[in-house]
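Take a look at the structure set out below.
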Amino acid sequence: MTAKIISGKEVAAQIREEIKEATEKLTNENSIVPGLVTILVGDDPASRSYVTAKQRTSKELGFYSVQDSQEADITEEVLLALVDKYNNDPKIHGILVQLPLPKHINETKVLLAIDPNKDVDGFHPINVGKLMIGEANFLPCTPAGIQQLLMRSGTQIEGAEVVVVGRSNIVGKPIANILIQKQDGANATVTVCHTRTRDMAAHTKRADILIVAAGVPNAVTADMVKEGAVVIDVGVNRVGEKPSKKDPNRMVAILKGDVDFDGVKEKASAITPVPGGVGPMTITMLMLNTLKAARLANGLEA
Ligand code: NAP
């Protein structure tokens, strides 16, 4: 069997089109423009490129977008005051503080300072708790993107044996939580593996849906996968550099997932590539959360 490729690029483009239409309608009929601020502290090149991509996408979708760049030596107090300013700005519906923050700033304190109604990353403990009890407004973006990839590729989630490799707060735990809910697009039976799991392959081989977020290239190989499984590779590992296609004088990172793609695609029924799988979904779900936040702030249904 050669697996069907689940293209995150295509699914993300489709959802962005839906967000664009919904935004146009909201602006024309209700005079509401979804507003997103991205706060970047310091000038880490990776963080800057993430923030630039988020800004570009939000503008393309017709959002009001603010890029707030701060020096790396900003004090925690000043950063907290800045978050508070945006908490009180009615034109801003979503606040994204790009992580990681410099060492002298307590990240948890900053994330806790974001108004949970503007927490479009879905990391505030109130939103984590709401997800747990099945009442989430904002799902964290990468796991939400994974659920959309499964739903929109026609994967049977209800009743499926799902195995998640990885238990981070941003991917592993929330995707497990999303898929066990008694809700459409969920109702799965979920097992979560991590570095202390005794026999990981024994679990992964049972999976109808295998979601891998370990951050380790080739953590999952073909012998660990059941024939016909749907495999979602969340990993993004920089394994080298190559000249850019657009500008051969510029070097770009060679990216690999956590799954041995060539081997596993011969066994799985569907698989996401890296790049072009989960990656494009993350920013798209951030935009969806911002649109939702704008609707909720104005008393409309999400
Ligand atoms: P993380 O915080 O480093 O967590 C990795 C998890 O995987 C941990 O729970 C760890 O177990 C587990 N793990 C590591 N090696 C393992 C192994 N050999 N067997 C079993 N479990 C193993 O990483 P993360 O933030 O969740 O990210 C995971 C990957 O996804 C990274 O490559 C990251 O770049 C990528 N990512 C992509 C996107 C996207 O938009 N595409 C978004 C977020 C993350 P322990 O808890 O026991 O240490």
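The values are calculated or read from the model by the stated rules, or taken from the named source; none is laboratory data. This is a predicted model, so every value here is computed, not measured. Because the Cβ atoms are built from the backbone with ideal geometry, glycine has one as well, and the counts that use them run over all protein chains shown. Calculation scope for accessible area: heavy atoms of the full protein, side chains included, ligands and nucleic acids excluded. Shrake-Rupley method; radii C 1.70, N 1.55, O 1.52, S 1.80 Å.
So that you can scan it fast, the table gives a plain yes or no per residue for (1) at positive phi; (2) surrounded by 12 or more Cβ atoms within 10 Å (Cβ to Cβ); (3) within 11 Å of the ligand (Cβ to nearest atom):
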site	(1), (2), (3)
223	no, yes, no
241	no, no, no
248	no, no, no
258	no, yes, yes
264	no, yes, no
271	no, yes, no
- Could you give me the residue pairs with C-beta distances under 8 Å whose first residue belongs to region 277-302 and is farther than 25 Å from residue 258 by Cβ, whose second residue is modelled with pLDDT under 95 and surrounded by fewer than 24 Cβ atoms within 10 Å (Cβ to Cβ) wherever it lies, and which are 6+ apart or on separate chains? 292/137; 292/302; 293/137; 295/301; 295/302; 296/137; 296/302; 302/137
- Which one of the conditions (1) surrounded by 19 or more Cβ atoms within 10 Å (Cβ to Cβ); (2) small (Gly, Ala, Ser); (3) at positive phi does residue 65 fail to meet, given that it meets all the rest? (3)
- Applying the selection to region 173-198, what residues are within 19 Å of the chain's Cα centre (by Cα) and either within 19 Å of residue 271 (Cβ to Cβ) or not assigned by TED's automatic domain parsing to the domain that holds residue 215 (or both)? 175, 179
- Task: Only one of these is modelled with pLDDT under 95 and part of a loop (DSSP other than H, G, I, E, B): 187, 137. Name it.
- Result: 137
- Message: Which of the numbered conditions does residue 36 fail, given that it passes all the others? Conditions: (1) touching a Ser or Thr at 6+ places or on another chain (Cβ under 8 Å); (2) open to solvent by 80 Å² or more (accessible area, probe 1.4 Å).
- Response: (2)
- Query: When you go through 22, 3 one by one, which is the residue that is under 30 Å from residue 261 (Cα atoms) and either over 20 Å from the mean Cα position of the chain (by Cα) or open to solvent by 10 Å² or more (accessible area, probe 1.4 Å) (or both)?
  - Reply: 3
- Residue satisfying condition, being closer than 30 Å to residue 108 by Cα and open to solvent by 40 Å² or more (accessible area, probe 1.4 Å), within set 186, 214, 176, 202: 214
- Identify all residues within region 39-62 that are closer than 15 Å to residue 286 by Cα, open to solvent by 30 Å² or more (accessible area, probe 1.4 Å) and of a type outside the set (Lys, Arg); write none if there are none. 50, 52, 60, 62
- Task: Test residue 236 against the stated conditions and say whether it is open to solvent by 40 Å² or more (accessible area, probe 1.4 Å), under 27 Å from residue 60 (Cβ atoms) and either touching a residue at least 40 places away in the same chain (Cβ under 8 Å) or not assigned by TED's automatic domain parsing to the domain that holds residue 160 (or both).
- Result: yes
- Task: Scan region 110-141 for residues that are out of contact with any helix residue (DSSP H, G or I) (no Cβ under 9 Å at 6 or more places or on another chain) and of a type in the set (A, V, I, L, M) and jot them down.
- Result: 133
- Message: Tally up the residues in region 158-199 that are near the ligand (Cβ under 6 Å from one of its atoms) and among the small types (Gly, Ala, Ser), please.
- Response: 3
